[in-house]
1. Looking at the stretch B:480-525, which residues lose a minimum of 30 Å² of accessible area between their chain alone and all protein chains in place, measuring with a 1.4 Å probe and not counting ligands or nucleic acids?
2. Once Lys and Arg get +1 and Asp and Glu get -1 on their Cβ, which of B:Ser175, A:Ala163, B:Leu225 lies farthest toward the positive end of the dipole of the protein assembly as shown?
3. Per-residue HN-Hα couplings for the stretch B:500-508, Karplus 6.51 cos²θ - 1.76 cosθ + 1.60 at θ = phi - 60°, whole Hz, x for Gly and Pro?
4. If you roll a 1.4 angstrom probe over the protein chains with everything in place, what fraction of the accessible area of chain B belongs to carbon and sulfur, to the nearest %?
5. Describe numerically, in nm with one decimal, the distance between label points set 7 Å from Cα along Cα→Cβ at B:Tyr228 and at B:Glu285.
6. List the relative contact order of the stretch B:444-553 as a percent without decimals, with contacts defined as Cα pairs under 8 Å and 6+ residues apart.
7. Taking θ = phi - 60°, what integer Hz values does the Karplus form 6.51 cos²θ - 1.76 cosθ + 1.60 yield along the stretch A:145-158, in sequence order, with x for Gly and Pro?
8. Would you please report the Å³ per residue occupied by the convex hull of the alpha carbon atoms in the protein assembly as shown?
Amino acid sequence: MNSESIINPKYDLSQYEKISEKYEKDPLAYLEQYYTKYFLIDSNENTSEDFYIYQAPNKLCVIGLAPTHPLLQQSQKVKSIKFDEKISQSINKKKQNPLSVKSEICVITTEEGRNYSIKAGIVGWVINFNMRLDKDDDLLQKKPFTNGYLAIIKPKQDVPSKALNHCIDEEKYKEIRKLNI
Amino acid sequence: MSKKRFWENDHELIPQIRVSNESDRWKRVRYDDVNEDIEVLYSNVMQYVMENYINLTYRTIVDTLLDIKCCARCIFRFLGVRDYKCYATSEEVLLKILNRIRLNEENITTSSTLQEEHPSTNILLSKTQEKPICTTCFDLLYQADTIECLWPIIENFNSHNFQVKTFNLSVSLPSGTIINNHSIKVYIRQTCRERNLSVDLSNTIDLKDPFKHLLGWSIEKKLGLKYYYQSPFNISIEYYHKNSQQNHLILTHIPSAEFQLKKVRIKGKAIWTGDSRQNIIAALEKVPDSDFISIAKCPPLEDKERWENYPPILEHSAIYVGGRYIKLSREISQSPWIINGERLAETSIAECIGEILREKFKCDDYNFVAAGREDVNVRMLGNGRPFYFEIMNPRNPFFFQQELDNTQKEINKTHKNLVQISHLTMITEQDLVIIKEGEETKRKTYSALVWISKIVTSEIIDKINQYQDKEFIIEQQTPIRVLQRRTQMVRPKIIYSMKAKALENHFLTLQLQTEAGTYIKEFIHGDLGRTKPNLGDLLDCYADIMALDVLEVDLKWPPN
């Protein structure tokens with residue numbers, strides 16, 4: 001490396017051609033750089049209240065609404081998002097019992113009066129609720145896969161195959177939900 | 001991680017050879033400036049004696065101690081001779097002086113008929129196994145300047161090949177000497193009392209003082225070093241005496257000593273504590289002579305075993321070398337990156353530089369400290385990042401700038417495509433805080449290759465460049481990437497300057513100057529909206545970072 005490029009670095013764009021191509025097709029493709037995507041399919045055959053779980057390399061999991069969730073499928077207006085208060089208060093406190101997969105962490109109520117229950121989805125501890133959803137009503141439905149995430153959960157299990165063995169990967173999810181995006 | 005430590009165990013590798021040749025055992029190191037003139041020495045010693053003892057008690061002391069076959073040097077201690085050069089004289093001369101002292105009348109003009117020797121003189125001068133072992137020093141003081149006493153230190157020093165000019169000495173003497181010295185004092189007081197003499201032994205010289213001086217001078221002479229109490233090179237040696245190791249336990253049988261041992265569990269092991277030298281000395285001070293005599297041997301029994309030593313520890317205190325590094329690779333980490341025993345990056349800056357420094361300084365180990373850090377896939381360019389190495393126990397601590405320059409060249413040549421260093425120089429311990437300050441307070445300049453979801457236009461570039469001379473504040477929630485170890489909170493950070501240059505299509509380069517502690521990657525991709533505003537917000541699109549380089553850490557380093 002010569003001294004000029006040490007002060008003023010040059011970047012070889014040919015190295016990034018492929019990744020750019022991918023990004024152009026899907027602007028959200030960058031998420032794959034930072035997370036492994038998993039999906040949690042609704043166990044009730046008649047509804048499709050599905051969730052995504054993005055796992056970061058440090059094992060933390062971001063949970064949010066999957067594209068097939070009714071809140072993103074039908075035009076329903078969100079009236080309120082209520083995070084569980086008890087969990088809220090326990091964040092950052094030590095020696096909490098972990099939540100189970102079915103523990104309710106949040107309830108979303110629509111203008112029509114429908115309630116959607118959001119579950120923890122994995123055994124672990126909530127370490128952050130996305131409080132921006134409170135301030136910005138549209139965020140959840142406008143940017144559900146990025147800024148509109150619901151919570152960050154620290155799994156009890158360190159090994160991803162154990163922590164997330166009830167979840168499926170993106171390919172399987174698309175297959176089950178017959179999506180071809 | 002387990003760093004390679006070639007020299008770590010070599011203290012133990014040195015064979016503990018006791019001198020086999022009897023004559024070597026007693027062979028003394030001769031100092032150049034020792035006065036062997038008896039007349040001069042005698043008057044010198046008598047000065048101290050007259051100062052310390054008003055009546056003729058000193059004669060009783062000399063006689064009593066010769067009776068129990070104390071070595072001449074220890075008798076000098078009980079006489080309170082503070083001039084340690086006097087101790088360096090040969091045993092023959094010392095005994096001659098002692099014999100003269102015991103026969104001394106107020107007027108010393110009497111003839112040579114009085115040159116009668118104490119009956120112990122001959123046996124004390126014997127250089128065979130018959131020589132009784134001094135009960136107060138176990139022959140440590142007697143042998144302080146002999147080859148036998150020096151041997152372990154010389155061996156150790158030479159095998160480590162220490163390149164030093166000075167040394168400091170710390171010695172730890174057998175705990176049995178404390179009890180025995182006390183016992184002798186009690187014995188002297190008792191003897192004097194029987195003869196109706198009053199005696200004050202408070203001017204007795206502690207065994208350690210003349211011992212350290214004699215041993216120190218011998219080391220000076222034999223190794224060609226200077227004995228200097230502030231020397232960074234320390235020779236530390238612990239002596240023990242097997243037979244008397246437990247002697248202080250008699251104190252537990254003397255109630256007035258208030259000497260209690262405590263059993264403490266450390267990692268499941270029961271260990272007795274409370275028997276430190278200070279505790280023993282403090283306990284002895286509380287005991288009346290009558291109590292002591294009833295339990296302890298007074299005078300102490302003659303012993304057949306002499307002193308022994310644990311392997312000495314020769315150690316140079318840490319030295320520091322500082323400089324700046326450039327990291328050219330996106331594959332190597334700053335410090336060794338090992339998780340659960342698995343190496344995640346082949347090598348590291350710390351190892352690239354440290355292993356060569358280890359060879360040069362011949363140190364046990366090193367610690368690498370830098371002003372901040374960059375991720376594995378981030379390069380450190382520009383004027384480099386300040387760093388220093390703490391060099392532990394260097395065998396070769398004196399590096400001249402010329403040698404450091406050569407070392408720098410060698411490092412740069414060896415790791416041409418990974419690391420380049422500059423300004424390699426010796427620094428002092430006081431300089432180290434500057435690095436910490438650099439990590440926490442100094443501005444950093446970055447260059448980033450950025451992809452945005454829009455085609456880069458001149459409008460976009462202009463939009464960014466309006467911040468070229470206009471600082472703004474972003475609020476960063478702890479990035480998800482580090483949230484598992486860093487507390488969740490919002491940290492406001494200043495972006496001092498931001499400018500962009502268009503590349504092809506979706507690519508641009510971004511140059512940023514930010515406050516210390518700003519997370520650049522998160523500022524660009526937004527971290528799921530946790531950094532506000534982020535580059536995507538400012539341009540109303542998605543953004544991601546392809547490559548990041550640090551261009552400047554704004555810190556004057558090394559200090560000179």
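The values are calculated or read from the model by the stated rules, or taken from the named source; none is laboratory data. Being a predicted model, the structure only gives us computed values, none of them experimental. FYI the Cβ positions are ideal-geometry reconstructions off the backbone, even for glycines, and counts take in every protein chain you see. For the accessible areas, the whole protein counts, side chains as well, though only heavy atoms, and no ligand, DNA or RNA atoms are used. Shrake-Rupley method; radii C 1.70, N 1.55, O 1.52, S 1.80 Å.
1. The answer is B:Ile480, B:Leu483, B:Gln484, B:Gln488, B:His506, B:Phe507, B:His525 - residues whose exposure falls by at least 30 Å² when every protein chain is included.
2. After comparing all options, I get A:Ala163.
3. 10, 9, 6, 10, 7, 6, 8, 9, 8
4. C and S atoms contribute 48 percent here.
5. Placing both labels 7 Å beyond Cα along the Cβ direction yields 3.5 nm.
6. 41 percent
7. For the stretch A:145-158, the Karplus curve yields 9, 10, 5, x, 5, 9, 7, 10, 10, 9, x, 5, 7, 6 Hz.
8. 224 Å³
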